[in-house]
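J.: Below you'll find the structure I mean.
Just so it is clear, none of the values below were taken in a lab; they were calculated from the coordinates. In this text, all values refer to a predicted model and were calculated from it rather than measured experimentally. Methodologically, a virtual Cβ is constructed for each residue, glycine included, from the backbone with ideal geometry; neighbour enumeration extends over all protein chains shown.
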Amino acid sequence: MKFVTSNEGKFREAKAIAENFSIQIEWIKMEYEEPQGFNLEEIATKSAEKLVDKIKGPFFIEDSGLFIESLNGFPGPYSSYVFKTIGNRGILKLMEGISNRRAYFKSVIAYFDGSRITLFDGVVEGRISYEIRGNKGFGFDPIFLYGDRTFAEMGEEKNNVSHRRRALEKLFSSVANVPISKGCDV
Ligand code: IMP
């Protein structure tokens, strides 16, 4: 199956996880228009629908975001824009004086199997740190605490627990079941 993303890091992470399920994935390196939506599910579904006529065969896309409890889920579906505009420093500024630091990352995968779109999600819970820490990750990793380390301090270890890993595992285990049952029918 194909993974449509312009983000090489996301592709490498997915490829490594797919191998555990003996699934080969092909990278379709491509930027696609992300429609606006109230939640990741809506955005992922609409994005996949727009790609159905352009990509041959089964494919998936992934959309993710950071949800901060005390900010009522902000930046959520607007994470990419918020990261580009106010960034990690801006989020820490918004959180000044706020003691509830609970937050989670969520990933939603939209998978098109050739006839219909199915969604798979993954969540990882953590807290927003009080300062920027670590240099190994991307995006909001330096302010997202998982236990007592930020994702940016965890490096590759992050991939064992990330929201994306959890969503990808759901997708691959569901797909890996398909050939087994089909094989029984033959
Ligand atoms: P998108 O799924 O590529 O649209 O990413 C949404 C935004 O959420 C990214 O630009 C990042 O700012 C943020 N984000 C998503 N996943 C992660 C992650 O694993 N670490 C840090 N930031 C993330």
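J.: For the chain, what's the relative contact order in percent, using C-alpha pairs closer than 8 Å and at least 6 residues apart?
T.: Reported as a whole number, the value is 19 percent.
J.: Rounded to the nearest 500, what is the chain's calculated 222 nm mean residue ellipticity when only DSSP H runs of at least 4 contribute -39500 (n - 2.57) each, over all residues?
T.: Counting only the DSSP helices, I get -11000 deg cm²/dmol.
J.: Something else now. For N159, what charge total do you get from the other residues with a beta carbon under 12 Å from its beta carbon, if Lys and Arg give +1 and Asp and Glu give -1?
T.: +3
J.: Test of understanding: in a Gaussian network model of the chain with alpha carbons linked when under 10 Å, which of G97, G134, G114 would top the mean-square fluctuation ranking?
T.: G97
J.: Provide the descending list of Cα extents for the range 87-186 along its principal axes, expressed in whole angstroms.
T.: 62, 24, 20
J.: How much length is gained on full extension from N72 to K29, taking 0.36 nm per residue of separation minus their Cα-Cα distance?
T.: 12.1 nm
J.: Taking just the alpha carbons, could you work out the radius of gyration and Dmax for the range 107-164, both in angstroms?
T.: Expressed in Å, the Cα Rg and Dmax of the range 107-164 come to 14.2, 46.
J.: So how long is each side of the chain along the principal axes, counting just the alpha-carbon atoms, biggest first, in Å?
T.: 63, 31, 25
J.: Report, ordered by chain and residue number, the lysines lying within cross-link reach of K56, taken as a straight Cα distance under 26 Å and ignoring same-chain residues fewer than 8 apart.
T.: Excluding near neighbours in sequence, the set is K2, K10, K15, K29, K46, K170, K182.
J.: Could you give the dipole magnitude of the range 2-183 about its Cα centre, charging the beta-carbon of Lys and Arg +1 and that of Asp and Glu -1, in debye to the nearest 20?
T.: So the magnitude is around 120 debye.
J.: Hey, what's the per residue convex hull volume over the C-alpha atoms of the range 35-89, in cubic angstrom?
T.: That works out to 87 Å³ per residue.
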